[in-house]
Amino acid sequence: MKIFRGIKIGGLQHKIFNLMLFSMIFLIAAFVAVNLYQQKNLSGVVQEASTEQQDSIASVSEQTMDAVLESTMTKTTALQAYIAGDLFGDVRTAVETLQAYATDIFAKESFYSAHAFYPPKRENDGVPSVQFQYEEGVDPYASKSLGLVANMSEVMLAMFTNSDKLSSCFIATADGTILFVDDRAGEYFDEDGSVFHFPVRSRPWYKNVSEAGRLIFTGLELDAFTNIPGIVCAAPVYKDGELVAVVGADLFLTSIREYVQASTTDGSFLCVISDRGQVLFSPREEGAFRPMLSVSAPDLRMGRNTELASFVTEALKARTGLTEINVDGTDYYLCGAPIDTIGWAVISAVEKNVTRQPADAMLANYESINDKALNTFTEGTKNSMRTFVILTAALLLLSAAAALILAGRIVNPVEKMTKRINEIAGTDEVFEMDKTYRTNDEIEVLAQSFESLTKKTRDYIGQITEITAEKERIGTELALANQIQADMLPNIYPAFPDRPEFDVYASMDPAKEVGGDFYDFFLIDDDHLCTLIADVSGKGVPAALFMMASKIILANFANLGKSPAEVLKATNDAICSNNREDMFVTVWLGILEISTGKLTASNAGHEYPTVMHPDGRFELFKDRHGFVIGGMSGMDYTDYEFLLEPGSKVFVYTDGVPEAMDAERNQFGTDRMLEALNGDTSAAPEDLLKNVRAAVDAFVKDAEQFDDLTMLALEYKGPRK
């Protein structure tokens with residue numbers, strides 16, 4: 001096209017001008033044709049741009065929603081599993097404590113006299129109390145074991161009173177009696193006021209422990225007296241290879257069931273799967289996720305839905321990513337995480353169509369705005385055409401000039417708008433109002449609609465970007481917390497370059513961003529070196545905070561010149577005075593007299609140390625354990641001593657070493673640890689730790705580290721010459 005004095009020769013303006021001059025009929029026909037053509041052209045452009053915008057919105061929204069959903073669901077599911085695991089871990093620790101105490105009592109039976117024991121009393125209902133029951137046909141007062149295990153009454157009562165997780169704790173003897181602590185004494189009487197007999201050796205937990213010969217968790221069962229769903233953690237007690245008793249604790253799961261029931265919102269919910277693949281807790285009342293008692297619940301791992309079976313199997317072993325599975329005719333996004341302490345798993349589910357609702361709503365709103373703008377434009381064009389036909393009959397000459405102005409006013413903004421829409425199609429740029437579109441008619445309305453729609457699209461993308469940035473900020477803060485924790489521990493080696501009498505080296509590798517294990521070593525004075533290693537209950541940020549407080553308190557009391565047992569007792573009293581979270585820490589603490597090689601140590605529920613004397617091999621030193629720090633105030637601890645000759649070495653560690661697991665959940669164990677240590681007994685402390693870590697890594701391979709792994713080695717080289 002050519003432009004002559006502002007008129008496009010061959011363009012729309014030229015056609016309108018010629019038609020107005022030669023014939024009113026032809027002018028009207030041409031004007032109608034131009035409007036129809038322009039409307040069709042604009043509609044096509046708008047439709048094309050709308051389709052591209054819709055595809056862009058749907059694509060960006062779907063990708064962003066999937067990324068956010070995967071990150072949020074996996075972390076939330078892992079957190080739920082961690083919380084449940086911490087609950088069951090506390091119960092396991094309580095039962096292991098009772099097991100150790102009972103084993104010691106039976107091993108030293110001659111040192112104990114019979115302790116008083118009493119049947120349930122109605123007036124004790126609602127009050128924590130120690131009581132006994134027995135099987136039908138058993139005379140409890142003729143029992144050889146009941147009076148002996150009654151010596152555990154005070155410990156069991158204190159354990160139950162100080163725990164908000166246990167519904168009871170007990171010890172059942174092999175002759176059919178049971179001593180237990182709870183606050184439900186009124187449940188054990190029949191209508192005649194007689195105490196119910198209790199089939200001790202017929203209960204599932206007793207049978208399971210007898211068969212397994214180790215600590216076990218039962219499946220979901222109904223309580224014998226209250227019919228409340230719960231599980232039992234139980235462990236065997238042996239004397240001379242014979243089962244003499246079973247200790248355990250009941251855990252009612254009412255709170256977990258209520259929490260899971262309340263988790264269903266807008267197509268999403270939580271469920272808990274047992275180690276047998278059975279649904280224990282779920283808000284669903286029908287379908288594959290319906291909860292049932294363990295005696296009748298199906299194993300999802302063996303179901304016809306192979307995708308669901310494979311997913312449940314994987315979730316019981318390790319954390320899963322976001323997985324799309326069709327269950328009962330509905331597409332779900334699922335992710336799972338194992339509860340390590342009990343072997344169960346937590347599964348989060350959300351219906352796929354729910355995750356698409358924000359994008360669908362935006363697209364629907366977009367289509368509504370677009371249709372409204374097109375309808376307004378079309379109606380306005382028709383009205384303008386009718387007005388033009390009427391005025392043309394009377395004012396031919398003026399209409400010709402008006403046609404030129406009107407054509408320019410219509411064509412120019414539309415052409416510019418069309419060009420701009422094509423430029424920003426498929427991008428996140430905003431369509432902005434221009435003075436060209438300020439026509440005070442349907443074109444301006446259409447332009448305003450495009451501006452509003454593109455702004456809302458960009459704001460939506462900005463919100464998603466902001467959420468992503470917040471995730472990165474949290475990750476950065478956790479990394480900084482990890483660095484701060486590492487700086488709290490001695491990490492400069494050699495630690496004492498001017499002291500040739502000994503060499504010490506330690507390391508700590510947390511399982512999560514921050515850990516609960518810690519170690520420390522420092523000179524109390526010129527002739528005394530203090531070394532310690534500890535393991536805080538739980539993991540993550542709470543354990544790290546508790547670890548820092550425990551480390552400072554232990555170091556402060558050790559520097560006062562106290563013996564190891566006195567340091568542990570003072571630390572336990574200090575922590576118990578303000579321990580509302582009921583956290584605890586196991587500690588091994590040793591003080592080396594450098595001039596003589598005498599090592600004085602005390603153990604608060606920690607792993608056995610390993611000792612190697614000159615020309616010998618590393619062996620476990622099975623010292624006597626005291627109670628964990630923070631578990632109960634007023635506890636006493638015992639010192640023990642042994643002499644380190646020049647060339648002797650001591651290796652201490654946390655349970656993350658022997659309990660490291662491979663993909664099949666086999667534990668590394670102390671035998672493999674000793675084998676790694678004895679592979680090179682002449683190695684320096686640093687190399688000893690590297691040898692053990694290499695052995696652990698070779699054993700676990702690609703399996704995820706589930707616990708902190710901390711080690712410390714001390715070599716005594718002899719007094720200064």
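The values are calculated or read from the model by the stated rules, or taken from the named source; none is laboratory data. These figures come from a predicted structure and were not determined experimentally. Here the Cβ is made from the backbone with ideal geometry for all residues, glycine too, and neighbour counts use every protein chain on show.
Cβ-Cβ contacts under 6 Å between residues 6 or more apart (or on different chains), taken from a first residue in region 119-143 that is over 18 Å from Phe170 (Cα atoms) to a second residue that is of a type in the set (Gly, Ala, Ser) and at pLDDT below 90, are listed as Arg122/Gly186. Only one of the numbered conditions (1) within 27 Å of Leu148 (Cα to Cα); (2) surrounded by fewer than 21 Cβ atoms within 10 Å (Cβ to Cβ); (3) modelled with pLDDT under 95 is violated by Leu243, and that is (3).
Tyr333 fails exactly one of the following numbered conditions: (1) in contact with a Lys or Arg (Cβ under 8 Å, 6 or more places away or on another chain); (2) free of Cβ contacts under 8 Å to residues at least 24 places away in the same chain. What is the number of that condition? Of everything listed in (1) in contact with a Lys or Arg (Cβ under 8 Å, 6 or more places away or on another chain); (2) free of Cβ contacts under 8 Å to residues at least 24 places away in the same chain, Tyr333 misses just condition (2).
Please verify whether region 300-318 includes one or more residues that are assigned to a strand (DSSP E or B), of a type outside the set (Lys, Arg) and in contact with a helix residue (DSSP H, G or I) (Cβ under 7 Å, 6 or more places away or on another chain). No, because not a single residue in region 300-318 is assigned to a strand (DSSP E or B), of a type outside the set (Lys, Arg) and in contact with a helix residue (DSSP H, G or I) (Cβ under 7 Å, 6 or more places away or on another chain). Of Asn578, Asn603, Asn572, all but one fail to be modelled with pLDDT under 95 and assigned by TED's automatic domain parsing to the domain that holds Phe521; the exception is Asn578. Test Leu529 against the criterion of being under 26 Å from Leu688 (Cβ atoms) and hydrophobic (A, V, I, L, M, F, W, C), and give yes or no. Yes, satisfied.
All conditions in (1) over 31 Å from the mean Cα position of the chain (by Cα); (2) at pLDDT 85 or above hold for Phe225, with the sole exception of (2). If you go through region 649-689 and keep only what is under 33 Å from the mean Cα position of the chain (by Cα), more than 19 Å from His606 (Cα to Cα) and surrounded by fewer than 16 Cβ atoms within 10 Å (Cβ to Cβ), you end up with Asp662, Ala663, Glu664, Arg665, Asn666.
The residues of region 701-721 that are of a type in the set (A, V, I, L, M) and modelled with pLDDT under 95, listed by number, are Ala703, Leu709.
Looking only at region 106-153, residues that are in contact with a strand residue (DSSP E or B) (Cβ under 9 Å, 6 or more places away or on another chain) and surrounded by 15 or more Cβ atoms within 10 Å (Cβ to Cβ) come to 23 in all. On the given criteria, is Lys551 touching a strand residue (DSSP E or B) at 6+ places or on another chain (Cβ under 8 Å), at pLDDT below 95 and either surrounded by fewer than 24 Cβ atoms within 10 Å (Cβ to Cβ) or at positive phi (or both)? Yes, satisfied. Would region 610-629 turn up any residue that is touching a Pro at 6+ places or on another chain (Cβ under 6 Å), hydroxyl-bearing (Ser, Thr, Tyr) and part of a strand (DSSP E or B)? Checked against the condition, which is being touching a Pro at 6+ places or on another chain (Cβ under 6 Å), hydroxyl-bearing (Ser, Thr, Tyr) and part of a strand (DSSP E or B), region 610-629 yields no hits at all.
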